[in-house]
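Here the structure is laid out as structure tokens; the discussion comes afterwards.
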Protein chains: 2
Amino acid sequence: MTEEKAGDALCGEKDMCPQERFMRQAIKLARQSVEQGGGPFGAVIVKEGKVVATGHNQVVPSCDPTAHAEVSAIRAAAAALGTFDLSGCEIYTSCEPCPMCLGAIYWARIGRMYYGCDQQDAARIGFDDSFIYREMALDPVRRRLVSCRMLADEAREAFRAWEAKPDKTEY
Amino acid sequence: MTEEKAGDALCGEKDMCPQERFMRQAIKLARQSVEQGGGPFGAVIVKEGKVVATGHNQVVPSCDPTAHAEVSAIRAAAAALGTFDLSGCEIYTSCEPCPMCLGAIYWARIGRMYYGCDQQDAARIGFDDSFIYREMALDPVRRRLVSCRMLADEAREAFRAWEAKPDKTEY
């Protein structure tokens, strides 16, 4: 069976497959977010077939530039499950994540992502995530963000304190 | 005057220059974070020569995989200033930011960054941010994170709702 046919078997039936159901929930959150003054983005985190948390964009209503749908959903899922490790979870997001959210997905150890709109769709309505992706790929001295390294030796002292700590929780 | 000499004039004097003072505060937060069970990372956000917010890594104590020092400091600064737009702010971070935090810095419109340790220092003590940087540069189908696009047309409905909203706050 080809991958496409496997997909058809999962999602092409009259009743919604679970993946469609979760994605439609993420899309509904995105639409509701617009009504509530947020950006048009929603996300759902699922573990073992059950929704453990949801999130929607709250940058403007919460005055928080990090309150994207995926970051919000990850924070809520970690709080709900009582762990920073979301291994075994899936994320459904109404739009392909920006670098910040993609980074958060990796740190949370989420293994599988479903997305609806993509970066190009987002750019068309004024959310130019691809600018940030391009900046990240550049050498720091070529980025628009001015950056300057300083006091590296002193900064490494905190790392040595971490290394020397016998009872640390590594993550 | 070469750039190096300009740097000496700023930072080489007996009294600490402001940049050194803010970086030392970030490093102190990183050391304190280790004592409190967090990762060895601290950050300070400065506007017009004054500290507006600080942050330290709280991933383990707060059960929040997004609670890195920089994200925490950005959230606190946005709350303190009552805006998601931190234009005109500088960030001092004890270690070069991971992709999640670098993304947050861009979204917050912070224009200048000072950092102490770098990615290589972080990797040496087990924080392999460079893995995430490498993953981001890959085509999504080649990433370790499995990703699947679905229901794109339905997802675009939320974007159309955003476009049609007359009183939206763009960001």
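Rule-based calculations on the coordinates, nothing more; no lab input. What you see is a predicted model; the values in this text were computed from it and never measured. Neighbour counts are summed over all protein chains in view; Cβ atoms, including those assigned to glycine, are modelled from backbone coordinates with ideal geometry.
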Exercise for the section: Could you pull out the longest piece of chain A with no exposed loop GluC sites (Glu not before Pro) in it, calling a site exposed if DSSP puts it outside H, G, I, E, B and it has at most 14 other Cβ atoms within 10 Å? Expected result: A:49-169
Fill in the blank from the handout: Of all DSSP beta bridges having both residues in the protein assembly as shown, the percent classed as antiparallel (nearest 5) is 55
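Using helices alone, I'd like the mean residue ellipticity at 222 nm for the protein assembly as shown: each DSSP H run of four-plus residues gives -39500 (n - 2.57), total over residue count, nearest 500.
Working: 16 runs with 162 residues, N = 342.
When only DSSP H runs of four or more count, the value is -14000 deg cm²/dmol.
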Handout entry: Shortest-first distances to equivalent copies, position B:Arg142, nm, label 7 Å out along Cβ
Key = 1.8
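For chain A, which longest stretch is free of loop sites, where a loop site is one of the trypsin sites (Lys or Arg not before Pro) that DSSP puts outside H, G, I, E and B and that has at most 12 other Cβ atoms within 10 Å? Each step should come with its number before you reach the end.
Working: sites that count: A:Lys14, A:Arg144.
It runs A:15-143.
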Handout entry: Alpha-carbon gyration tensor eigenvalues x 5, square-rooted, for the protein assembly as shown, Å
Key = 36, 22, 18
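Over region A:20-75, what is the relative contact order in percent, taking alpha-carbon pairs closer than 8 angstrom and at least six residues apart?
The value is 29 percent.
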Fill in the blank from the handout: With the 8 Å Cα cutoff and a minimum separation of six or more residues, region B:49-115 has a relative contact order in percent of 30
Handout entry: For region B:86-171, average projected area of the Cα convex hull in nm²
Key = 8.3
Practice task
Output the relative contact order of chain B, whole-number percent, from Cα pairs under 8 angstrom with separation of 6+ residues.
Solution key: 14
Exercise for the section: Once the label point is placed 7 Å from Cα along Cβ, list for B:Pro166 the distances to the corresponding points in the other copies, in nm, shortest first. Expected result: 6.9
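Over chain B, what per residue volume does the convex hull of the Cα atoms give, in whole Å³? Mind dumping the intermediate values first?
On the way: hull volume 31.6 nm³, N = 171.
Looking at chain B, the number lands at 185 Å³ per residue.
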Problem - Per-copy distances of the B:Met16 label point, shortest first, in nm (7 angstrom along Cα→Cβ) - result: 5.5
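Compute the Cα gyration tensor for region A:48-121, then decide on rounded, prolate or oblate, letting a ≥ b ≥ c be the square roots of its eigenvalues: rounded whenever a/c is under 1.5, prolate when a/b is larger than b/c in the other cases, and oblate in all that remain.
Details: a/c = 1.71, a/b = 1.22, b/c = 1.40.
Note, shape of region A:48-121 comes out oblate.
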